[in-house]
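Peer 1: Please find one structure pasted underneath; my questions will follow.
The values are calculated or read from the model by the stated rules, or taken from the named source; none is laboratory data. Given the structure is predicted, the values throughout are model-derived calculations rather than measurements. Positions of Cβ are generated from backbone atoms using ideal geometry, with glycine treated the same way; all protein chains shown enter the neighbour counts.
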Amino acid sequence: MTEIKENKRGVMKKETTETSQKKLDAPQEDDRPKISFNPFASYKGVFKRFLILYRHVIGLIVGGQIAQVNALPEHKRKGLHSPFSRTTAFFLKIFIKKELRKQPFEVQLRRRLEILGPTYIKLGQIMAIREDILPRLITDELKQLLDKLPEIPFEYILGIIEKSLKRPVSEMFVYIDEHPVGTASIAQVHLATTVNAEKVVLKVIKPHIRETILSDIKLLKILGNVLAIIIPQYQPKTIINEFCRYTEKEVDLTYEADHSDMFTANFVDYQDVVFTKIYREYSSEDVLCMEFFDGVKPNDPTIFELYDKEEIHKVVDLGTGSIIKMLYQDGFFHADLHAGNLIVLPGPKVGFIDVGMVGRFDDKIKRNMLYYFYYLVNGDIENAAKFLFSMATLGKNGDGIGFKRAVTDLANRFALQAAYGNFSIAKLILESISIGAKYRVFFPVEMTLMVKALVTFEGVGLFLDPTLDIPSVSKKHI
């Protein structure tokens, strides 16, 4: 068993003991650690952030010029071919880091986003799903962005909990595991036990991250206006505004608590679909205390040892029905859905966790999405193309007729593949949306977030049942 005791500095540490776990010893007020740890100190302040961002934007523009020259065919990099571009690139490369000089533009973009820190990593992740706007080379590269940072020392996590909830840790928890079960750019997650002996999960916003991100958001909005003049074809202002709207809510955990309660209310009549209970008395904008789900991930091979074939079929059916209900009935859905955010619980039941990022369809979009998906799974390609286009925005010099023709041709090709059992609804929708960039036809970000949910449904479903007929199981629920 483990017990957390106080050392001379008032820092909560874990020690081994043969007895049952005891209550947390609260640190003395005078010795309590102050929240001074700041892994983002170099990014502090809007002006300083502006200088850093400005340097990387200029570096990316220069690096893009160099990458363009590097991408020229070998015969065009010799003699008198492209003299101005080659000469410019030769002199500019001294201003670019050696590690980036020979990299293609998309790699330079990813690396600079990683260097800029958590705000820009998250921006890159939003960009990665906008295949309807950005070139595939860029979106594929940005999917490699890692949302990982070193963990924050445990004493600072305790300090944040006490400061945010305005009472000693010992009045709320008898145990908090000092080793996080997860640490991302914005928050860190620890297992804990409340004074009422309930096992919970604590999600804690990292110190100073809110100030950093809110400063970055101000700068990004300015940058979006500038880029809208330089590269309007890539809709930079739209992408940045979407990112800002989602990220502002991610740094306030009360939104995630509200989301969980809203999902619970939407699924009140579905006993086998559950969302984490929120302990509001132990939660704030910096701390989220959630019910612990003791289950197995649906992509964990041990699931086949725990559940028989009929129960596995039930899990697939529950997951499918839940996602379709979220998308097309409620218009309120889990926007960061992947296998890690799904838990299979005894019953079996399906549990959804980590609902900080949600998507919403207004009534018109929801209705059009419902009809689009209905016609798609029933093989009515003409009507599916019509309802897909009804959700799009036609850009300057857009070609709506060409887009509908291209989408129809694509759907017909997929229909032929379906005869051989090789049909992915998510891939068809994603490629249909991606075609839009060619014809200056653009879609709301919720469309691409929806595809992410469908990709998860298909991936998990096929893992659990390789013979799964995705259109058929979709028809049942739609």
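Peer 1: Which condition number does VAL204 fail, the rest of (1) in contact with an Asp or Glu (Cβ under 8 Å, 6 or more places away or on another chain); (2) more than 25 Å from LEU449 (Cβ to Cβ); (3) without any contact (Cβ under 8 Å) to a residue 40 or more places away in the chain being met?
Peer 2: Evaluating VAL204 over (1) in contact with an Asp or Glu (Cβ under 8 Å, 6 or more places away or on another chain); (2) more than 25 Å from LEU449 (Cβ to Cβ); (3) without any contact (Cβ under 8 Å) to a residue 40 or more places away in the chain leaves (3) as the failure.
Peer 1: Residue check: is GLN144 within 20 Å of the chain's Cα centre (by Cα) and without any contact (Cβ under 8 Å) to a residue 60 or more places away in the chain?
Peer 2: Spelling it out, GLN144 is indeed within 20 Å of the chain's Cα centre (by Cα) and without any contact (Cβ under 8 Å) to a residue 60 or more places away in the chain.
Peer 1: Take ASP336 and tell me if it is of a type in the set (Asp, Glu) and assigned to a loop (DSSP other than H, G, I, E, B). Break it down into steps so the answer makes sense when it comes.
Peer 2: Numbers: of a type in the set (Asp, Glu): yes; assigned to a loop (DSSP other than H, G, I, E, B): yes.
Answer is yes for this residue.
Peer 1: Name, by its number, the condition in (1) out of contact with any His (no Cβ under 7 Å at 6 or more places or on another chain); (2) closer than 24 Å to GLU242 by Cα; (3) not hydrophobic (A, V, I, L, M, F, W, C) that does not hold for GLU458.
Peer 2: It fails just one condition, (2).
Peer 1: When you scan the range 267-309, how many residues do you find that are within 30 Å of ILE209 (Cα to Cα) and either assigned to a helix (DSSP H, G or I) or of a type in the set (Gly, Ala, Ser) (or both)?
Peer 2: Number satisfying all stated conditions: 5.
Peer 1: Within the range 434-472, which residues are under 18 Å from ILE303 (Cβ atoms), in a helix (DSSP H, G or I) and either out of contact with any helix residue (DSSP H, G or I) (no Cβ under 6 Å at 6 or more places or on another chain) or among the hydrophobic types (A, V, I, L, M, F, W, C) (or both)?
Peer 2: THR456, PHE457, GLY459, VAL460, LEU462, PHE463, LEU464
Peer 1: Which of (1) in a loop (DSSP other than H, G, I, E, B); (2) modelled with pLDDT under 75 does ALA89 not meet, given it meets every other one?
Peer 2: (1)
Peer 1: May I pose another question? Quick one: count up the residues across the range 372-390 that are buried (at least 19 other Cβ atoms within 10 Å of the Cβ) and not β-branched (Val, Ile, Thr).
Peer 2: Residues that pass the stated criteria total 9.
Yes or no, residue by residue, for (1) more than 16 Å from LYS122 (Cα to Cα); (2) in contact (Cβ under 8 Å) with a residue 60 or more places away in the chain; (3) surrounded by fewer than 18 Cβ atoms within 10 Å (Cβ to Cβ):
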residue	(1), (2), (3)
THR212	no, yes, no
LYS218	no, yes, yes
GLY224	no, no, no
ALA228	yes, no, yes
ILE231	yes, no, yes
THR247	no, yes, no
VAL251	no, yes, no
GLU256	yes, yes, no
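Peer 1: Just give me the residues in the range 348-377 being farther than 18 Å from ILE429 by Cα and either assigned to a helix (DSSP H, G or I) or in the same structural domain as LYS122 (by TED's automatic domain parsing) (or both), in sequence order.
Peer 2: Scanning the range 348-377 gives ASP363, LYS364.
Peer 1: In the range 378-393, how many residues are assigned to a helix (DSSP H, G or I), over 30 Å from the mean Cα position of the chain (by Cα) and of a type outside the set (S, T, N, Q)?
Peer 2: Here the count works out to 2.
Peer 1: Taking the range 114-141 as the search range and keeping residues that are within 12 Å of the chain's Cα centre (by Cα) and either in a loop (DSSP other than H, G, I, E, B) or not small (Gly, Ala, Ser) (or both), which one is surrounded by the most Cβ atoms within 10 Å (Cβ to Cβ)?
Peer 2: Checked the range 114-141; the qualifying residue surrounded by the most Cβ atoms within 10 Å (Cβ to Cβ) is MET127.
Peer 1: Restricting attention to the range 183-208, and to residues there that are within 25 Å of LEU53 (Cα to Cα) and in contact with a Phe, Trp or Tyr (Cβ under 7 Å, 6 or more places away or on another chain), which single residue is surrounded by the most Cβ atoms within 10 Å (Cβ to Cβ)?
Peer 2: Residue satisfying both the conditions and the ranking: PRO207.
Peer 1: Failed condition for THR264, given (1) over 30 Å from VAL174 (Cβ atoms); (2) without any contact (Cβ under 8 Å) to a residue 60 or more places away in the chain; (3) in a helix (DSSP H, G or I), with all others met?
Peer 2: For THR264, the exception is condition (1).
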